[in-house]
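Quick notes on the structure that follows.
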Amino acid sequence: MTDESDGTRLEAKIESADIDHVFVEFPDVNGISRSKQIRTEYFLDNWEDGFPMNLLLLVQTPRSEVPEDSGFGEEIGFGDGTVHPDPSTFRVLPWHDNAGTVIADFTFEGEPITAAPRTALKSVLDEIDREFGHQLYLGSELEFYLLEETESGYEPATDNKHECVTLEMEAVAPFYDRLSAHADDLGVDLTLFHHEHGPGQLEVLFDYGSPLSQVDTTFRFKRLVKRTARAQGQRATFMAKPFGEHEGSGYHLHVSAFDDENRFEADDGDGLSETGRNFVGGLIEHADALAALGTPTINAFKRYKPGGFAPYTACWGDDDRTASIRVPSGTTRIENRIPSADANPYLVAAATLAAGYDGIRRDLDPGPPADDGDLLPQSPRQALAALEANETMTDLLGADLIRGYTASKRRELRSFSETVTEWERTQYVETL
């Protein structure tokens, strides 16, 4: 339900900003922003009732291929739902002098669409709030590659592994300056920025916030990065492994729990509390499902490697960057290191919180920290099958979401299997 004061502020902001049109945005199952561009007068007259939007857009592949058996195609006659702007998310777009943006939620025949990623996250948060009660916070680290477009293809914007090298961070200063200016105007809090391990690989850290607002920030940030790069004549990608010989890009989600004190911290301040251990236990228990939602592409599975900083097994450790679940030093919190940068932040957050919550309600214990554990799924097919078989996560995230997500991902797999690559021609044209 929309807060009346939020609605009043939305209308006042739009009228005072002198904007011509509003992008009504929503995340599809891939985390891609899709939208309608609506003239201001029409938006102001109709936003409270919402706007029609093809429901199939929720589950199309990144290249807008149509999956089968998603629940949103022929099953409903390829019909429309309604997108309802959340007025608290309205921002004036800093790269346009005449446009605003607002994030919207989906309904169908008056009921929330549980397969919509933002709705799924809100549903998980409502369940946790009813049963758990502690205030949860999220922080995140997100890596991406900044690229130059050349005659031979895309090349990294810096020329070597310059992790935190000041000179190379300064080399991308024009990009950062524009990014930072737009981020401030858009209300995106960039806490820390540095050059990562791969050439052209950058990382941004966001400050902690309430889960929905923090994920909304991450969603906006990904579009902001790509838009800023294009304005610089460059390209930015959150593709998990754009170069086989270089590091993959991750999306690390940090979770903390507070009411009057840190509920993940032991009473003596040394290590995890029982609640914290149970939360970790839930993440280990449901690691296969976390991998399915956090490793959403064929390419992303190439990020996993033994002994590296990308997870390979379902294990946890104290301040151990090789573990899939890490308890960092400093303020006691829990970090999910499984997701890749191309993952949908709403689904990563929803799955992480759902898995941890299940660990708390079932008193799951993760055992002692270990540098090894059960192998994470090594292919999309294996991961999707594990996700579908996980009754607990299906219940917490919603069967419609699991159905739509897996249908979309299987359509991607079919497209890949039908594509003949240059590698195949190199291997077989002359030899067979």
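Data for the structure
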read-out: Value at 222 nm in deg cm²/dmol, rounded to 500, when DSSP H runs of n ≥ 4 in the chain each add -39,500 (n - 2.57); value: -11500 deg cm²/dmol
read-out: Restricting region 1-93 to GluC sites (Glu not before Pro) in coil, as DSSP defines it, with at most 14 other Cβ within 10 Å; value: Glu48, Glu65, Glu68
read-out: Dipole magnitude (debye, nearest 20) for region 311-365, charges at Cβ of Lys, Arg, Asp, Glu; value: 100 debye
read-out: Separation between Cα centres of region 102-118 and region 211-249, rounded to whole Å; value: 25 Å
read-out: Normalised convex hull volume, region 248-326, alpha-carbon set, Å³ per residue; value: 94 Å³
read-out: Cα shape, region 3-161, gyration tensor, a/c 1.5 rule; value: rounded
read-out: Unit charges on C-beta of K, R, D, E only; dipole of the chain, Debye; value: 1160 debye
read-out: Percent breakdown of C-alpha pair distances by 10 Å bin, ordered from the shortest bin, for region 69-214; value: 9, 25, 27, 25, 12, 1
read-out: Rounded to whole Hz, the Karplus (6.51, -1.76, 1.60) HN-Hα couplings of region 228-234, x for glycine and proline; value: 5, 4, 4, 5, 8, x, 10
read-out: Highest-first arrangement of 188-196, 399-407, where packing means the average Cβ count within 10 Å; value: 399-407, 188-196
read-out: Fraction of accessible area attributable to carbon and sulfur, the chain (%, probe 1.4 Å); value: 46 percent
read-out: Above-threshold pairs, the threshold being 27 Å between Cα atoms, out of Lys222/Lys409; Lys161/Lys302; Lys122/Lys305; Lys122/Lys241; Lys13/Lys409; Lys226/Lys302; value: Lys122/Lys305; Lys122/Lys241; Lys13/Lys409
read-out: The chain: radius of gyration over Cα atoms, expressed as a fraction of 2.2 N^0.38 Å; value: 0.98
read-out: Rounded to the nearest 20 debye, dipole of region 302-414 from Cβ charges on Lys, Arg, Asp, Glu; value: 660 debye
read-out: Top positive-direction residue, dipole computed over the chain with Cβ charges, set Ser408, Thr431, Cys315; value: Thr431
read-out: Column: log10 I(q)/I(0), Debye, Cα scatterers of region 362-432, q = 0.14, 0.23 Å⁻¹; value: -0.70, -1.07
read-out: Beta bridge orientation in region 186-326: antiparallel %, DSSP, nearest 5; value: 80 percent
read-out: Virtual spin-label span in nm between Thr107 and Glu48, 7 Å along Cα→Cβ; value: 1.3 nm
read-out: Vicinal HN-Hα couplings computed from phi for region 324-337 (Karplus, 6.51 cos²θ - 1.76 cosθ + 1.60; Hz; Gly/Pro x); value: 6, 10, 10, 10, x, 6, x, 4, 5, 8, 10, 10, 8, 9
read-out: Rounded accessible area per residue of the chain, 1.4 Å, Å²; value: 45 Å²
read-out: Positive-pole candidate from Leu147, Phe72, Thr191, dipole of the chain, charges at beta carbon; value: Leu147
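The values are calculated or read from the model by the stated rules, or taken from the named source; none is laboratory data. The model shown is predicted, which means the values in this text are computed figures rather than measured ones. As a convention, Cβ positions derive from the backbone with ideal geometry for all residues, glycine included, and neighbour counts pool all protein chains shown. Remember, those area values only see protein heavy atoms, side chains included, never the ligands or the DNA or RNA. Shrake-Rupley method; radii C 1.70, N 1.55, O 1.52, S 1.80 Å.
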